[in-house]
Amino acid sequence: MMRKLPWILLAISLLANAGFLYGALQAQQAADRLAQAPEAREEAVAERLGLSEAQQAELEALRQRLRERLEADRAGGAREAEHERLMAELARPDYDRAAVEALLLERNAERAAAWADMSAEVHAFLQRLDPPQRETFLALAGEDRGFLRRLMFPHWGSRGG
């Protein structure tokens with residue numbers, strides 16, 4: 001019996017390692033599917049939160065409004081104007097720290113206001129969820145810093161930004 005013990009332990013070890021490898025591969029494949037398909041990610045989140053059809057439609061409408069807001073902000077030409085103003089300041093012979101700082105503070109204030117407006121919409125959606133859904137949503141957002149951004153802006157999540 002003592003001569004068989006190492007072979008039995010080896011067989012158990014091989015089975016355990018094979019099981020671990022299988023589980024790791026399955027998890028990697030699931031992660032790859034979610035990373036490549038925003039729709040699958042949305043379905044997974046909706047399933048985890050237990051969203052009803054109406055709540056899923058509301059989430060999609062919210063995402064569309066936020067997407068339109070960002071696209072409108074980008075299309076407005078404000079970014080290009082800010083960039084041109086900054087380049088003009090950098091091209092001056094004398095560096096004017098106060099002017100550059102004022103430009104950057106103005107830019108940050110505008111961005112903060114836009115994000116505050118969008119956050120108000122996300123907050124309103126969150127308040128309409130059932131308490132267990134809200135707790136799950138907040139837990140997911142707390143565990144994963146990029147959760148909210150990927151949920152609301154799936155194209156950003158794929159860029160990592």
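Would you be able to tell me the number of residues in region 131-155 that are outside any helix (DSSP H, G or I) and free of Cβ contacts under 8 Å to residues at least 24 places away in the same chain?
We begin by selecting, within region 131-155, every residue outside any helix (DSSP H, G or I); these are 144-146, 153.
From what is left, the residues that are free of Cβ contacts under 8 Å to residues at least 24 places away in the same chain are 144-146.
Residues that pass the stated criteria total 3.
Tell me, please, whether a residue that is within 19 Å of ARG74 (Cβ to Cβ) and modelled with pLDDT under 85 can be found in region 127-149. Write out each step before concluding.
Here is the first cut: in region 127-149, the ones within 19 Å of ARG74 (Cβ to Cβ) are 149.
Those still in the list that are modelled with pLDDT under 85 too: 149.
The answer is yes; a qualifying residue exists.
Which of the helices (runs of 4 or more DSSP H) contained wholly in region 1-120 include at least 3 residues that are over 25 Å from ALA139 (Cα atoms) and free of Cβ contacts under 8 Å to residues at least 40 places away in the same chain? So that I can check it myself, show each step before the final result.
Values: elements: 5-36, 38-49, 53-75, 78-91.
In region 1-120, 5-36, 53-75, 78-91 are the helices (runs of 4 or more DSSP H) which contain 3 or more residues that are over 25 Å from ALA139 (Cα atoms) and free of Cβ contacts under 8 Å to residues at least 40 places away in the same chain.
Against the definition (of a type in the set (Gly, Ala, Ser) and within 23 Å of the chain's Cα centre (by Cα)), how does ALA116 come out, yes or no?
yes
May I ask you to verify whether ALA91 is farther than 21 Å from ARG149 by Cβ and exposed (fewer than 10 other Cβ atoms within 10 Å of the Cβ)?
Values: farther than 21 Å from ARG149 by Cβ: yes; exposed (fewer than 10 other Cβ atoms within 10 Å of the Cβ): yes.
So ALA91 fits the description; yes.
The values are calculated or read from the model by the stated rules, or taken from the named source; none is laboratory data. For clarity, every value in this text was computed on a predicted model and none was experimentally measured. Here Cβ is always computed from backbone atoms with ideal geometry, including for glycine, and neighbour counts include all displayed protein chains.
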